[in-house]
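Written out below as structure tokens is the structure these notes cover.
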Amino acid sequence: MADPGTVMLAIDTSTDTSSIALYSASHLSELSWHAGRNQTQTLLVQIEHLLTLNRLTLDHIGAVAVTVGPGMFNGLRVGLSTAKGLGFGRSIPVYGIDTLDVTAYPHRTSADSIRAFVPAGRGRVVSGDYRKRSGRWTRSGDPQNRDFSEIAAGVGANTIIIGEIPSAVEPGLLENGSELLPLLSLRARRPGNLAELGWRRWQAGEPDESATIEPLYVHGTRRAT
Amino acid sequence: MLILGIETSCDETSAAVVSDGQVILSNVIRSQEDLHERYGGVVPELASRRHVTAIIPVIDLALRDAGVSKDEIDAIAVTEGPGLAGSLLVGMNTAKALSMAWDVPLIPVNHLEGHIYSNWLTEDQSDSTFQPPRFPCVCLIVSGGHTELVLIRDHGHFEVLGRTIDDAAGEAFDKGARILRLGFPGGPAIQRASAEGKMGRHTFPRAWLGDSYDFSFSGLKTALLREVEKYKREPSRPKKVVSTDPFPVHEPPEYSPNMPASDIAADFQDAIVDVLVKKTERAAQEHRASMVVLAGGVAANSLLRKRLENALSVPLRSPSLRLCTDNGAMIAGAGYYLYQRGIIASFDLDISPQLPLVSDTALEPS
Ligand SMILES: [Zn+2]
């Protein structure tokens with residue numbers, strides 16, 4: 001399928017749903033599973049599994065993309081430690097990608113505004129608002145740490161709400177006609193999107209970040225840990 | 001056999017290269033003391049964050065210091081537990097990724113077993129007189145997180161004779177130093193103050209707990225609080241109204257300037273050391289130990305070393321001061337003997353924050 005050093009490995013352990021992808025110029029292979037707190041136990045096993053399924057070995061991996069957050073702090077550390085270990089161990093570049101950017105990425109061609117969510121644990125979510133500005137897709141403002149109940153606070157008409165949202169909150173959002181809430185398969189974060197964001201940076205020859213990347217810790221206004 | 005040892009269970013990020021479980025080729029320890037000082041103790045979330053940024057530079061330096069390249073490493077040993085979950089998982093996931101990247105075995109090491117094996121290490125490559133400890137031996141592990149008295153009959157054969165039922169000895173030192181405003185970490189701070197103080201003016205309780213080898217230090221802390229109560233006074237400056245720090249900053253109490261902090265520290269230290277020495281001595285006698293070995297951060301305490309040496313009728317062995325703190329070399333050292341016994345892990349290995357010290361081998365019938 002590929003020559004040595006030409007495939008990108010993507011790792012996303014930002015939340016309870018872990019996912020990985022292998023991405024090359026012509027192929028995409030994705031795997032996601034509910035890892036919960038078993039990220040340390042399952043991540044490397046699944047990476048090996050996905051490589052085997054695709055008849056690839058570690059030699060084919062030429063770069064790693066990893067989500068840096070926002071998300072669950074310990075989950076982010078699992079992904080980053082693994083990505084850094086692989087990057088350092090194989091002497092290949094690592095690229096850190098914002099988890100909210102990954103979430104919003106598939107909707108970048110939409111004319112509507114986007115509010116992307118990532119669960120942050122303990123009844124909290126982190127959100128980022130995206131919109132088209134003079135034809136360019138940009139995030140407005142810093143990510144916000146919110147309570148679940150404030151998920152739709154301040155969103156205007158025709159705002160698409162995407163990301164992993166707890167099912168208890170969904171009915172309220174659907175009743176409220178001003179927002180658009182796509183079905184789960186259309187709004188869940190996908191590792192292929194992460195891989196593609198990383199791939200672009202790799203192909204553009206951006207420098208390796210393995211020595212410097214650290215998780216993006218977004219605290220709430222109240223004390224959070 | 002060259003083993004890379006990785007240790008991130010608490011607030012030191014460390015990596016080391018050790019040859020055949022004995023000779024330390026490198027041992028890089030990045031301490032976080034500066035980070036936690038203002039909180040008066042280790043803040044787990046902050047410790048985990050520092051590990052993420054420190055881990056790769058520390059491993060890189062450990063390989064450079066040892067003068068070995070990545071492909072010369074034969075195995076990776078990593079702390080599985082006990083320790084802080086967020087900290088442990090940084091070392092564990094990095095170690096697993098390196099094990100996959102280099103296609104070498106991954107050896108899971110109990111942190112306490114690591115401390116024990118700091119006594120099997122030497123930093124001097126040319127020392128031909130170096131002898132590893134002899135079995136059976138009694139090991140006193142004393143650190144910020146642990147106080148355990150262990151009987152070791154052979155490699156991999158551990159019998160925990162006693163452990164603390166509340167605070168660890170190092171924790172007692174930390175809390176004591178915090179109460180007396182002597183700084184962090186508490187062990188060295190109390191020892192420094194004690195050196196200037198006079199002993200015997202304050203009485204602190206010793207929890208003997210009957211014939212048990214268990215320890216208890218929480219009553220000592222309560223007694224200390226009672227002792228300093230009479231010197232307490234209202235803060236001279238108004239309390240800060242708002243703190244932007246997401247973690248609670250330690251606000252030390254204020255005392256009258258004539259509080260004899262050094263004298264109190266000396267008696268407080270004496271009370272801790274007294275119990276540690278007597279129980280260790282009794283355990284060594286009862287189990288006919290051929291020697292006693294010390295391990296853990298509190299093993300650096302010079303009063304403890306001196307008193308033990310005087311009390312014991314068998315030789316005492318203590319690691320160098322550098323090997324008393326948490327370090328990667330002790331993990332690589334213990335990892336070597338685990339590997340000899342065929343203990344290696346698969347990629348589904350998880351961290352184990354509450355991991356107890358248990359034997360992995362049965363004794364040969366004698
Ligand atoms: Zn320790």
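What the table shows:
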quantity	calculated
Scan of segment B:124-150 for residues that are within 16 Å of the ligand (Cβ to nearest atom) and part of a loop (DSSP other than H, G, I, E, B), ordered by number	B:SER143, B:GLY144, B:GLY145, B:HIS146
Residue in segment B:95-108 that is open to solvent by less than 20 Å² (accessible area, probe 1.4 Å) and of a type in the set (Lys, Arg) present	yes
Hits in segment A:28-54 - residues which are more than 12 Å from chain B (Cβ to nearest Cβ) and aliphatic (A, V, I, L, M)	A:LEU28, A:LEU31, A:LEU50, A:LEU53
Residue match in segment B:288-297 (condition: open to solvent by 10 Å² or more (accessible area, probe 1.4 Å) and modelled with pLDDT under 95)	yes
Filtered residues of segment B:48-84 (kept if among the basic types (Lys, Arg) and more than 10 Å from chain A (Cβ to nearest Cβ))	B:ARG64
Counted residues, segment B:319-333 - those being within 15 Å of the ligand (Cβ to nearest atom) and farther than 23 Å from A:SER81 by Cα	7
Set B:SER318, B:SER313: member being open to solvent by 20 Å² or more (accessible area, probe 1.4 Å), farther than 18 Å from B:ARG178 by Cα and under 25 Å from the mean Cα position of the chain (by Cα)	B:SER318
Residue within segment B:32-47 that is within 14 Å of another protein chain (Cβ to nearest Cβ), basic (Lys, Arg) and away from the ligand (no atom under 16 Å from the Cβ) present	no
Any chance B:TRP120 is surrounded by fewer than 16 Cβ atoms within 10 Å (Cβ to Cβ) and among the aromatic types (Phe, Trp, Tyr)	no
Any hit, segment B:323-337, residues being touching a helix residue (DSSP H, G or I) at 6+ places or on another chain (Cβ under 7 Å), open to solvent by 10 Å² or more (accessible area, probe 1.4 Å), in a loop (DSSP other than H, G, I, E, B) and under 24 Å from B:THR8 (Cα atoms)	yes
Subset tally (residues that are within 22 Å of the chain's Cα centre (by Cα), of a type outside the set (A, V, I, L, M, F, W, C) and either farther than 18 Å from B:VAL52 by Cα or more than 7 Å from chain A (Cβ to nearest Cβ) (or both)) for segment B:85-103	2
Pick from segment A:63-82, criterion more than 8 Å from every other protein chain (Cβ to nearest Cβ) and touching a Phe, Trp or Tyr at 6+ places or on another chain (Cβ under 9 Å), ranking: farthest from B:VAL78 (Cα to Cα)	A:PRO70
Of residues in segment A:83-111 being of a type in the set (A, V, I, L, M, F, W, C) and either more than 14 Å from chain B (Cβ to nearest Cβ) or open to solvent by 10 Å² or more (accessible area, probe 1.4 Å) (or both), the one farthest from B:LEU61 (Cα to Cα)	A:ALA111
Test: residue in segment B:341-351 that is open to solvent by 60 Å² or more (accessible area, probe 1.4 Å), within 24 Å of the chain's Cα centre (by Cα), in the same structural domain as B:MET92 (by TED's automatic domain parsing) and within 16 Å of the ligand (Cβ to nearest atom)	no
Residue match in segment A:113-134 (condition: assigned to a loop (DSSP other than H, G, I, E, B), surrounded by 15 or more Cβ atoms within 10 Å (Cβ to Cβ) and outside the structural domain of A:GLY220 (by TED's automatic domain parsing))	no
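The values are calculated or read from the model by the stated rules, or taken from the named source; none is laboratory data. Just so you know, these numbers come straight off a predicted model, no measurement behind them. With ideal geometry, Cβ positions are generated from the backbone for all residues, glycine too; neighbour counts draw on all protein chains shown. The accessibility values were calculated without ligands, DNA or RNA, using every heavy atom of the protein model including side chains. Shrake-Rupley method; radii C 1.70, N 1.55, O 1.52, S 1.80 Å.
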